[in-house]
Amino acid sequence: MSAPLARFGGAHLIWHTPYINPPAPTDHGTQRPASKSQHLSLLATSVAMGSLDTNPGTFCTDAADGVFQPLNADDVRSYLHKSIDFICDYYNNVESFPVLPDVQPGYLRRHLQSAPPTTSAPFDVAMKEIRDAVVPGMTHWASPNFFAFFPATNSAASIAGELIASAMNTVGFTWQANPAATEMEVLALDWLAQLMRLPESFIMNRTAATGRRGTGGGVILGTTSEAMLVTLVAARDAALRRSGSSGVAGLSRLTVYAADQTHSTFNKMCHLAGFDPVNVRSIATGPETDYGIDPAKLLEVMQADVDAGLVPTYVCATVGTTSSNAVDPVAAVAGVAARFNAWVHVDAAYAGSACICPEFRHHIDGVERVDSISMSPHKWLMTCLDCTCLWVRDAHRLTDALETNPEYLKNDASDSGVVTDLKDMQVGTGRRFRGLKLWMVMRTYGATKLQEHIRSDVAMAKTFEGLVRCDDRFEVVVPRNFALVCFRIKRRGSMTEEDAEEVNRELMDRLNKTGKAYVAHTVVGGKFVLRFAVGSSTQEERHVRSAWELIQKITTEISKGERKRTISFEIVNTNGLLPSDASSVTGSCQLTASVAHRDVRWERCGMVTD
C-alpha cells in the first residue's frame, strides 16, 4: 500500500461515532475501542481520512443575505479539492477497513438527522458525516480483500472521466443535443470492439474513410439487464413481423432460450419484454459440458417448440456465467439458432473484458454469426459504474423497435440520416456522458496496460487454484476459466451433502465476519460452493495468499470438530434461585457441537439481569 498522500492540514482525527465502529487498526496508529458494545462513546484517534476537519464548532455558515451560487468557482474548486483528498485517503486506507461493515439495518437513519435541513451548512459538515457515518457502513468493494461476486474495478483515469462528465452534466439523447458526447461514445465503442476483435459488422464507423457508416453499431447502457431487455424487444418485434402478427396478438407463441446458468436477470427481462413465463426455456446443464449449454439439447427443445406451433425467437448465450464462469459455445449455439431464424445474444458481461487478450479471444469465436453482444467494462476493465457496452450487427433492427421522434426532438441532423441518435437504442431518452470515462481509460492506459491487468488477475486466480488443489481437504468444483475459483471443503466419510453445505456455509460466515476477507457462495450441480473472485483494482498476490491462510486456519478450527452456535435464552425467576431483585435472566450462550457425533456441550455463557 502506498504512503498516504500529502494533503491540506492533515492531522490526527477524533472519531465520535455512535453506533458505528471506526476503521480497523492501521499501521499509522488508529486504535479501536476496547469493546464493541460501547457504541455510545466510541472514541479513537486516526490519521485515516485525515483530510477532513472533524470539529463542527470551527465551521462558519454562509452570510444570511448571501446570493445562492451553486456553481461558484471558488466553491467548486474547494469542494472538489476536499473530495479528491477524501478519495485519495480512502484508497490509501481501504485495505485496513473491515470489508463487511459491523452495522445493523437502519443504522444510518439513527446516525443522521431524520428531517431534511432547512438552512445551509458548510460543505465540511456533509463530508464529516460521510466520513463518520457512511464509510463505516459500507461494504468496501474497492478493498483488496474483496473476493465476492465479480469485481467492480476502477482507475484514476475512470474517476477523472466520470468527474468531468458529471461536471459537464450533458444530456446527449440526440447527436444535436451533444455532438461530442455522441461521437465520443461511438468512438469508444469502436475502439473497444477492435480490441476484442469483433467483426467489422459490429463497428459503426468501419467505413469512416469513405464517409459511409456501417449497418452495425453500439450503445453504452447502465447494465447487462438493459442490454438483454432492448435486444429482447427488438427480437420480439422482428419475430412478430415475420409471423404476420398484428400488434402483440402473436406474443403468446414466442419462445426464448437460455442455459440454467444464465444470469437470473434474464427471466426478469423476458417478463418486462412481454414474453409468457411458460415460454422461457431453461436448458439444463451439467459437469459433462462444464455447465455450458449443450447445443444438442438446445436443438431438441427448439425443434419441439416448432412442432408444437411455437416460434423460437431469442437465444441468450453466456460467456462467463456468474455462478461458475461457464462458457456457452457461441458458434454452435448460433448454428442451432440460425435454423429457426432466432436472435442470438451473447452476454459477456464479465469475461468480455478478458477477450481483449488474444489467449482468451477464442471464448467468443463464432461471434460473427450472432446478432448482438454485450460486456461490462465496469466489472473488469478499470471503468467505474455504470458502463455496459452493447453492439448489434444491424442497428436498424434495434432502432426500429425503440425509436421515438417527438416534434420537440426533431432536427436537421437527425433527419439527414447521417448521425446516430443514441436515444433510439435504449429504453429511456435521457442519457449520461458515459463514453468519456471509457475513452479516458483506453486513451490513458492503452491495450497493453489493460491486458496486463487482466493477465495479472488471472495469474493470481491460478495461484489460488493451485493452493486449493494442494490441500486435500478442499476441492475445485468447476474448471477455472478466468479469474474465478469455485471451491469448497470436500465431503468426507459419512458426511451428507447437507452436512457439506453446513460446513462450507460456516467457513464462509466465519471468514466474512473477520472483516479480513469477503467471499460469496453459489450452488452448482446441487453443491454449495464458495466463489473466490480475483480482480479488485488494488489486489496483489499477498492478499490472495493471506485470504487462503485465513481460510485454512478457520477450516482447521472447524475440522477439529468444533462447530459454534449462539442461542438466546431467558430464565424466569420461578424457583427463587435468581437474585431477589431480578425477575428473569436473559443473555446468550455459545454452544459447541461435534460434527461427527452431534453431541453438544456448553462452551461459555454470559448473562445479564434485568
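The values are calculated or read from the model by the stated rules, or taken from the named source; none is laboratory data. For clarity, every value in this text was computed on a predicted model and none was experimentally measured. Cβ: placed from backbone, ideal geometry, glycine included. Neighbour counts: every protein chain shown.
For the reader, a short list of remarks on this structure follows.
- Residue within the stretch 296-312 that is within 23 Å of T522 (Cβ to Cβ), of a type in the set (D, E, K, R) and within 19 Å of the chain's Cα centre (by Cα) present: no
- A residue that is under 27 Å from A193 (Cα atoms) and β-branched (V, I, T) occurs nowhere in the stretch 244-252.
- The one condition in (1) in contact with a helix residue (DSSP H, G or I) (Cβ under 7 Å, 6 or more places away or on another chain); (2) within 30 Å of V248 (Cα to Cα); (3) touching a residue at least 24 places away in the same chain (Cβ under 8 Å) that P329 fails to fulfil: (2)
- Count of the stretch 537-555 residues which are assigned to a loop (DSSP other than H, G, I, E, B) and either polar (S, T, N, Q) or buried (at least 23 other Cβ atoms within 10 Å of the Cβ) (or both): 3
- Check on D132, under 26 Å from L438 (Cα atoms), surrounded by 16 or more Cβ atoms within 10 Å (Cβ to Cβ) and not β-branched (V, I, T): no
- Evaluating L422 against the criteria (1) at pLDDT below 95; (2) surrounded by fewer than 21 Cβ atoms within 10 Å (Cβ to Cβ); (3) not polar (S, T, N, Q) leaves one unmet condition, (2).
- Residues satisfying the criterion are present in the stretch 217-225 (criterion: in a loop (DSSP other than H, G, I, E, B), out of contact with any Phe, Trp or Tyr (no Cβ under 9 Å at 6 or more places or on another chain) and either in the same structural domain as G430 (by the TED database) or more than 25 Å from L390 (Cβ to Cβ) (or both)).
- In the set T420, T429, T383, only one residue is within 16 Å of G352 (Cα to Cα), of a type outside the set (G, A, S), in contact (Cβ under 8 Å) with a residue 40 or more places away in the chain and not in a helix (DSSP H, G or I); that residue is T383.
- Answer from V519, V534, V523, V529 - the residue that is exposed (fewer than 13 other Cβ atoms within 10 Å of the Cβ), modelled with pLDDT of 90 or more and either more than 19 Å from R480 (Cα to Cα) or of a type outside the set (G, A, S) (or both): V523
- The stretch 386-417, subset out of contact with any Phe, Trp or Tyr (no Cβ under 9 Å at 6 or more places or on another chain), of a type in the set (G, A, S) and not in a loop (DSSP other than H, G, I, E, B), residue modelled with the lowest pLDDT: S416
- The one condition in (1) assigned to a strand (DSSP E or B); (2) closer than 25 Å to F149 by Cα; (3) in contact with a Phe, Trp or Tyr (Cβ under 9 Å, 6 or more places away or on another chain) that T321 fails to fulfil: (1)
- Set V485, V478: member being outside any loop (DSSP other than H, G, I, E, B), in contact (Cβ under 8 Å) with a residue 24 or more places away in the chain and touching a Phe, Trp or Tyr at 6+ places or on another chain (Cβ under 9 Å): V485
- Residue pairs meeting the criteria (Cβ under 7 Å; at least 6 apart or on separate chains; first basic (K, R), in the stretch 355-372; second in a helix (DSSP H, G or I) and buried (at least 23 other Cβ atoms within 10 Å of the Cβ)): R361/C355
So that you can scan it fast, the table gives a plain yes or no per residue for (1) under 28 Å from G352 (Cβ atoms); (2) in contact (Cβ under 8 Å) with a residue 24 or more places away in the chain; (3) hydrophobic (A, V, I, L, M, F, W, C):
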site: I489; (1), (2), (3): no, yes, yes
site: G515; (1), (2), (3): no, yes, no
site: H521; (1), (2), (3): yes, no, no
site: R531; (1), (2), (3): yes, yes, no
site: Q539; (1), (2), (3): yes, yes, no
site: R545; (1), (2), (3): no, yes, no
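- Within the stretch 488-513, restricting attention to residues that are buried (at least 16 other Cβ atoms within 10 Å of the Cβ) and of a type in the set (S, T, N, Q), the residue that is nearest to R455 (Cα to Cα) is N512.
- Restricting the stretch 324-342 to residues that are among the hydrophobic types (A, V, I, L, M, F, W, C) and surrounded by 21 or more Cβ atoms within 10 Å (Cβ to Cβ) leaves a set whose member that is nearest to F150 (Cα to Cα) is A326.
- Meets criteria (assigned to a loop (DSSP other than H, G, I, E, B), buried (at least 16 other Cβ atoms within 10 Å of the Cβ) and touching a residue at least 40 places away in the same chain (Cβ under 8 Å)) for V458: no
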